[in-house]
Amino acid sequence: MNLEALDKQYVLQTYARDYTNFTHGIGSKLYDDKGVEYIDFASGIGVSSVGHANKHLTQAICEQAQKIIHISNLQVIEPQAKLAKKIVELCGYDAKVFFANSGAEANEGAIKMARKYGTVNFDTKKYKIISLGHSFHGRTLSALTATAQESFHPDTFAPYPKGFSYVANIDDIYDAIDEETIAVIIELTQGEGGVMNFDKHKVQELAKFLQEKKLLLIVDEIQTGIYRTGSFLESNNYEITPDIVTVAKGLGGGVPIGAIITRHKEILSAGEHGTTFGGNYLSTAAGLAVLDILSELKQGGQLQETIEYFDKKLDHIIAQYSDLFIKKTGLGLMRGIVAKDDAIKNAVIKNAMKQRVIVLKSGRNTVRFLPSLTITKEEIDEGFARFEKALSETRVS
Ligand SMILES: *Cc1c(COP(=O)(O)O)cnc(C)c1O
């Protein structure tokens, strides 16, 4: 049975899958089972933050696996404690960390924290969480309910948890807050919603307002965090210190890990939240290696160089292909180019794959780029050369 047939027969078909069989990679190059090379401008979906087969990361994983992979969270776990320290140092403010296995799970924990905060700090319980249109917060029931896109809430999966409400944009939050509201959850740059970022001043005003009212700001940095937008956290760019930040995707370089970072260091006590796998030796050893690599790239200035190099390529695309695209969006190495319509976007992504460069979609019309943060200039050049071929092909069809 070939791989496609095997997948179709035995794996639940919850994805509209491409059937290229990638067998290995190195840096931002991927190879399929016929040895054909692809340039990876997607890193999974912003996960392989240090590229494929990164020596430092694979060595850390192998060495850890040979010693101990897992023990329960009832024991202290050395790399977990060290990773928490590193994360707090990189955040730049006093906080503590809880480790989960994924983004959605980190958001679930953040929602629980907010609800507890709203229970113990007010005379009458506050529990409602406001989220923003076009947001994406994950696939578990609460995270899905927090995701402010109606298409994610079909009747098929009802009933959804109570306590979530939606606004179109930041200005609408103020009127939406009622006696029972405890928190606002926001992605500073919406990853799935079109790589659109919110105005810095408006976010700062919101953060100040919430703080004055003793309400919580939860920033979902599952996609934007871990240097994706140029700083360790995008909230660092916005110069805010949120009550709770969730991260995941890039943190383990592909090993599943999520984390909740909070300034409310005593918000949960023993027994109130937990996980079997979260923060085990393997994932936190991977996280430590990833942060070693990325914090060095940031400090040495190479990350900024890569970001600027990539940005120039996008400028070139927008200038040369104004018949296909309207503008570039995003920041750091979380970028988008907005196509004139969704048919163009779909054709570009398909033709790019044919030309052996992997890009993603976002929102309705946006072609999204989430390359590894260690991508080289040579890989960027090659990727865009192929991407331009895909654009020429899109033009004639
Ligand atoms: C990917 C993502 C999630 C969900 O993360 P999972 O690991 O798939 O559960 C949540 N929020 C944002 C902003 C994301 O990009």
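Of note:
- Subset tally (residues that are within 16 Å of the ligand (Cβ to nearest atom) and open to solvent by 10 Å² or more (accessible area, probe 1.4 Å)) for region 191-210: 5
- Selection status of Glu78, assigned by TED's automatic domain parsing to the domain that holds Asp292, open to solvent by 50 Å² or more (accessible area, probe 1.4 Å), acidic (Asp, Glu) and out of contact with any Phe, Trp or Tyr (no Cβ under 9 Å at 6 or more places or on another chain): no
- Residues (more than 14 Å from Asn280 (Cβ to Cβ) and not in a helix (DSSP H, G or I)) located in region 72-96: Gly92, Tyr93, Asp94, Ala95, Lys96
- Between Gly278, Gly287, Gly300, Gly252, the distinction of being small (Gly, Ala, Ser) and under 20 Å from Glu379 (Cβ atoms) belongs to Gly300 only.
- Taken together, the residues in region 290-319 that are polar (S, T, N, Q) and either assigned to a strand (DSSP E or B) or without any contact (Cβ under 8 Å) to a residue 60 or more places away in the chain (or both) amount to 2.
- Any chance Thr119 is open to solvent by 40 Å² or more (accessible area, probe 1.4 Å), in a loop (DSSP other than H, G, I, E, B) and either closer than 23 Å to Arg17 by Cβ or free of Cβ contacts under 8 Å to residues at least 60 places away in the same chain (or both): no
- Candidate set: region 208-223, residues that are in contact (Cβ under 8 Å) with a residue 24 or more places away in the chain and in a helix (DSSP H, G or I); chosen: the one farthest from Ser49 (Cα to Cα): Phe209
- Among the residues making up region 131-140, those that are more than 15 Å from Ala106 (Cβ to Cβ) and open to solvent by 10 Å² or more (accessible area, probe 1.4 Å) are Gly133, His134.
- For beta carbons closer than 6 Å, sequence separation of 6+ or different chains, a first residue in region 144-170 that is closer than 19 Å to Val184 by Cβ and a second that is open to solvent by 70 Å² or more (accessible area, probe 1.4 Å) and assigned to a helix (DSSP H, G or I), the qualifying pairs are Pro161/Leu141; Ile170/Lys202.
- Residue in region 163-181 that is open to solvent by less than 60 Å² (accessible area, probe 1.4 Å), within 15 Å of the ligand (Cβ to nearest atom), within 25 Å of Ile337 (Cα to Cα) and at pLDDT 95 or above present: no
- From the options Asn2, Asn54, residue that is of a type in the set (S, T, N, Q) and under 23 Å from the mean Cα position of the chain (by Cα): Asn54
- Residue list for region 325-343, filter: farther than 23 Å from Glu382 by Cβ and not in a strand (DSSP E or B): Lys340, Asp341, Asp342, Ala343
- Of the residues making up region 64-115, those that are under 17 Å from the mean Cα position of the chain (by Cα) and away from the ligand (no atom under 16 Å from the Cβ) number 2.
- Members of region 365-397 found to be of a type in the set (A, V, I, L, M), in a helix (DSSP H, G or I), under 17 Å from Asn346 (Cα atoms) and in contact with a helix residue (DSSP H, G or I) (Cβ under 7 Å, 6 or more places away or on another chain), listed by number: Ala390, Leu391
- The strands (runs of 3 or more DSSP E) found entirely in region 11-68 that carry 2 or more residues being open to solvent by 50 Å² or more (accessible area, probe 1.4 Å) and assigned by TED's automatic domain parsing to the domain that holds Arg368 are 22-26.
- Considering (1) out of contact with any Phe, Trp or Tyr (no Cβ under 8 Å at 6 or more places or on another chain); (2) within 16 Å of the ligand (Cβ to nearest atom); (3) outside any loop (DSSP other than H, G, I, E, B), the lone condition that Ser135 does not fulfil carries the number (3).
- Residue in region 143-150 that is more than 12 Å from the ligand (Cβ to nearest atom), modelled with pLDDT under 95, farther than 17 Å from Glu108 by Cα and assigned to a helix (DSSP H, G or I) present: yes
- Out of Lys345, Lys328, Lys361, one residue alone is touching a Lys or Arg at 6+ places or on another chain (Cβ under 8 Å), buried (at least 21 other Cβ atoms within 10 Å of the Cβ) and without any contact (Cβ under 8 Å) to a residue 40 or more places away in the chain. It is Lys345.
- The set of residues from region 224-236 being more than 13 Å from the ligand (Cβ to nearest atom) and closer than 16 Å to Gly51 by Cα comprises just one member, Tyr227.
The values are calculated or read from the model by the stated rules, or taken from the named source; none is laboratory data. If you're wondering where the values come from, they're calculated on a predicted model, not measured in any experiment. Please note: Cβ atoms are built from the backbone with ideal geometry, for glycine as well, and neighbour counts cover all protein chains shown. Keep in mind that these areas ignore ligands, DNA and RNA; they rest on the heavy atoms of the full protein, side chains included. Shrake-Rupley method; radii C 1.70, N 1.55, O 1.52, S 1.80 Å.
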